[in-house]
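Only one structure is covered here, and it is reproduced in the block below.
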Amino acid sequence: MVSYAVRRLVYSVPIVLVASFVLFVAVRAAFDPLAKLRQSRDPAVIARESARLGLDRSVPEQYLLWGKGILQGEWGTSSRTGQPVRSMIAEAMWPTLQLIFWGLLFAVLIALAVSVYSAVRRYTVGDHVLTGLSYLGIALPAFWVGLILIQLLAVAPRQSLGLEDPPLYFIGLHSPGWTGLNLDYVRHLVLPVLTLTITLVASWSRFGRAAMLDALSSDYVRTARAKGVPRRQVVIRHALRNSLAPFVTVVALDAALLFGGLVVTEQIYSIPGMGRLFLDSLLAGDVFVLLPWMLVVAVAVVVCNLIADISYAILDPRVRLS
Amino acid sequence: MSTSTGIVAAAADQPTPTVATGGARSILRRFARHRLALLGTVVLLGLMVACYGAIWIAPSPQGAQDLVLGPTPPSGAHLLGTDDLGRDFLSELLFAGRISLTIGLVVALIATTVGTVLGAVAGYAGGWVDEVIMRITDLFLIVPGIAVLALALRGLGSSPTTIVLVLAALGWTYIARVVRSQVLSLREKEFVDAARVIGASTPRILLRHLLPNLAGVIAVNISLATAAAIIIESTLSFLGFGVQPPRTSWGNMLSQAAGLVGTDQVYLLYFPGLFILLTVLSINFIGDGLRDALDPQAKQL
């Protein structure tokens, strides 16, 4: 298992390198790192900065220089904020990880419950209703869900009840001056996590239902029932246990994409995470942040994909990693 | 195809009967049995007629303002209300639908064509060609789509053509993987060997013998990719990188209404989203129906 993990990581190094090179070339072609300075029109300053950043060299050389800096921990300075890029990304990581944690927690629990219910009660009214809801969830643009939730759960209740504060907040993760796990945090967290959960549950429950149906129609389930194992136990211990493997794989793969995919949710709820950092940097043409950002997200995806494969092998011992 | 093989070759030229489909009529019958797919087709066709025929169908001309009227909630005169410039919102939505639907359909067609060709070539040719194409699809898997799209559109500008090309450039990898894996198994089948033995050329085998067997996955992919492209375009518009005013799409109408949360005009936020929802839902149902009709053995998710 360990040797498999190491081999997989080694194998993905060239992919990450090529991806980062392609992105480097594309971003360098699209944005001028010195755009801010060019307004000052002092050729001496521009020439000095350009030499300091190595912009006077060829693009492959610049890439090598940049890559060396990344490996040595010198990620450069943001042209937008003037802060070190590494600490900016580290700071943005924390809110995003919180969103991913809570979003995954609730989405996985709800999606599993829905999957089991839908598969066991296949073609009943409940199954049809849940299936219909998941179709709706898949067809809804996530940002629209977010805006509607703000309207229905925060703004409308405040207006109709005449409250000073909305029952649920929709800006940031904490009120000014507050930190830590408390009611204030929960009131900030409900809407973004709900937005995430709706989209994730919609697609995962479809997948989980199919996996459960697959397991329920298998020979070992029939055998277990024939031997007299209670139905509930067969569903939980045999069918669910076996359908977890494909389910967890899908969850891990989707979770990987959340690092970047939270762009929309963080934008709606003004959460200073990775998605916001990306958008702000993109609008400012801040290539010094964009490139390391892409690299960090790509590495996160590679690691999550590896976790997906390994957890599959752990949950389904019939699979041998090789 | 060589000319020397004569009659045998002519016989082999008959398109291979696909595994479980068999005839356009039975495909249609299976599709029609899927009630939701039928409903989806009707709704989508209705939307397309209304949007592309908006010049004749819409109650008001595009962009016709009535500043004295201003914003009004839905009423008999304006079914979906009017915006702050007094424009009839239903008409605006129908005109905007032209761009949204066109982007969705064209992206799906381009992405599916490119993906099918590259996937089929990779699977059939094997070797280094396969390796190169598949490593490229690996690249796309590790970068977050919405970020790369925003980056590309910010760099290249957001004209509808650019949006279509950029979305298609990122959207072809999924179908390429599916087609490749199908071709890998199909090329070992006897009917491909038979075609090869009597001298059919590689393009001929790909087009006449393999392509018909891929009809199911291709059709399903076109429908799902259309739905995905419409949602992605609206998301990009919301972030400010999609269709730019004065051009309108459902996405940028939504993003303009985003600031109306908590105001009396919040109804303007509901309708563009409902149009997207209706369209995507219909297309997804059609996709399900197509899968059942063209590929009855496929597992239903």
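Please identify the helices of chain B, taking whole runs of DSSP H, that span at least 24 Å along their own axis as judged from the Cα atoms and have a mean Kyte-Doolittle score of 0.0 or higher. Let's see the in-between values first.
Details: long enough: B:35-52 (25 Å, 2.01); B:89-125 (53 Å, 1.67); B:215-239 (36 Å, 1.79); B:267-294 (40 Å, 1.30).
Membrane-span-like by this rule: B:35-52, B:89-125, B:215-239, B:267-294.
With a 10 Å Cβ neighbour count serving as the proxy for reagent exposure, in which order, fewest first, do B:Met48, A:Met274, A:Met294, A:Met1 appear?
On the way: B:Met48 16, A:Met274 31, A:Met294 24, A:Met1 10.
The order, fewest Cβ neighbours first, is A:Met1, B:Met48, A:Met294, A:Met274.
At q = 0.21, 0.24, 0.25 Å⁻¹, what is the log10 ratio I(q)/I(0) for the range B:215-301, with the Debye formula run over Cα points and no solvent?
-0.91, -1.06, -1.11
Please identify the trypsin sites (Lys or Arg not before Pro) of the range A:163-263 that satisfy two criteria: DSSP loop assignment and at most 11 other Cβ atoms within 10 Å. Which are they? Before the final figure, lay out each step's value.
Details: sites: A:Arg187, A:Arg206, A:Arg209, A:Arg222, A:Arg225, A:Lys227, A:Arg231, A:Arg232, A:Arg237, A:Arg241; in loops: A:Lys227.
Passing both the DSSP loop test and the Cβ count: A:Lys227.
Roughly how many debye, to the nearest 20, is the charge dipole of chain A about its Cα centre, given +1 on each Lys and Arg Cβ, -1 on each Asp and Glu Cβ, and no other charges?
Numbers: 28 positive and 19 negative charges, 244 e Å.
In total the dipole reaches around 1180 debye.
Just flag the chymotrypsin sites (Phe, Trp or Tyr not before Pro) in the range A:63-172 sitting in loop per DSSP whose Cβ has no more than 15 other Cβ atoms within 10 Å. Let's see the in-between values first.
Numbers: sites: A:Tyr63, A:Trp66, A:Trp75, A:Phe101, A:Trp102, A:Phe106, A:Tyr117, A:Tyr123, A:Tyr135, A:Phe143, A:Trp144, A:Tyr169, A:Phe170; in loops: A:Trp75, A:Tyr123, A:Tyr169, A:Phe170.
Within the range A:63-172, the qualifying chymotrypsin sites (Phe, Trp or Tyr not before Pro) (loop, at most 15 other Cβ atoms within 10 Å) are A:Tyr123.
Provide B:Val261, A:Val114, A:Val319, B:Val68 in ascending order of the number of other Cβ atoms located within 10 Å of each residue's Cβ, fewest first. Spell out each step's value before the answer.
On the way: B:Val261 21, A:Val114 24, A:Val319 12, B:Val68 6.
Sorted ascending by nearby Cβ count, the order is B:Val68, A:Val319, B:Val261, A:Val114.
Any chance you could list P(r) for the range A:1-84, counting all Cα-Cα pairs in 10 angstrom bins from zero, rounded to whole %?
The distribution over the range A:1-84 is 14, 39, 28, 12, 5, 1, given as percents.
Kyte-Doolittle mean at least -1.0 and Cα extent at least 27 Å along the axis: which DSSP H helices of chain A qualify?
Working: long enough: A:2-30 (41 Å, 1.66); A:85-120 (50 Å, 1.61); A:183-216 (43 Å, 0.94); A:241-261 (30 Å, 1.20); A:287-315 (41 Å, 2.38).
What comes out of the filter, once short or polar helices are dropped, is A:2-30, A:85-120, A:183-216, A:241-261, A:287-315.
So which trypsin sites (Lys or Arg not before Pro) in the range B:216-301 are both in a DSSP loop and have at most 12 other Cβ atoms within 10 Å of their Cβ? Walk me through the numbers before you get to the answer.
Details: sites: B:Arg247, B:Arg291, B:Lys299; in loops: B:Arg247, B:Lys299.
Listed in order of number, the matching sites are B:Lys299.
If I model the range B:67-120 as equal point scatterers sitting on the Cα atoms and use the Debye formula, what is log10 I(q)/I(0) at q = 0.16, 0.19, 0.21, 0.28 Å⁻¹?
-0.58, -0.67, -0.74, -0.96
Residues with amide H under 5 Å of A:Tyr169's amide H, sequence separation 5 or more or different chain, H placed in the peptide plane at 1.01 Å from N; which?
For A:Tyr169, the qualifying residues are A:His188.
Would you calculate the volume per residue, in Å³, of the smallest convex hull containing every Cα atom of chain B? Kindly include the intermediate steps, with their values, before the conclusion.
Values: hull volume 49.6 nm³, N = 301.
Hull volume normalised by residue count: 165 Å³.
Pull up all non-local amide H partners of A:Thr77: gap of 5 or more, or a different chain, and H-to-H distance under 5 Å with H placed in the peptide plane.
A:Val85
If the viscosity is 1.002 mPa s and the temperature 20 °C, what translational diffusion coefficient in µm²/s does Stokes-Einstein give for chain A when Rh comes from Kirkwood over Cα pairs? Spell out each step's value before the answer.
Details: Rh = 22.8 Å.
Rounded, D is 94 µm²/s.
Suppose every Lys and Arg Cβ carries +1 and every Asp and Glu Cβ carries -1, with no other charges. What dipole size does the range A:9-51 come out with about its Cα centre, to the nearest 20 debye? The partial results should precede the final answer.
Numbers: 5 positive and 3 negative charges, 22 e Å.
The dipole of the range A:9-51 has a size of about 100 debye.
What are the radius of gyration and Dmax of the protein assembly as shown, computed over its Cα atoms and given in Å?
For the protein assembly as shown, the Cα-based Rg and Dmax read 26.6, 88 Å.
Please arrange A:Val125, B:Val179 by counting, for each residue, the other beta carbons lying within 10 Å of its beta carbon, fewest first. All intermediate terms of the calculation are to be shown ahead of the outcome.
On the way: A:Val125 8, B:Val179 28.
Taking fewest neighbouring Cβ atoms as first place, the list is A:Val125, B:Val179.
FYI, it's all coordinate maths here, none of it is from the lab. These numbers come from a predicted model, not from an experiment. Note that each Cβ is placed from the backbone with ideal geometry, even for glycine, and that neighbours are counted across all protein chains shown.
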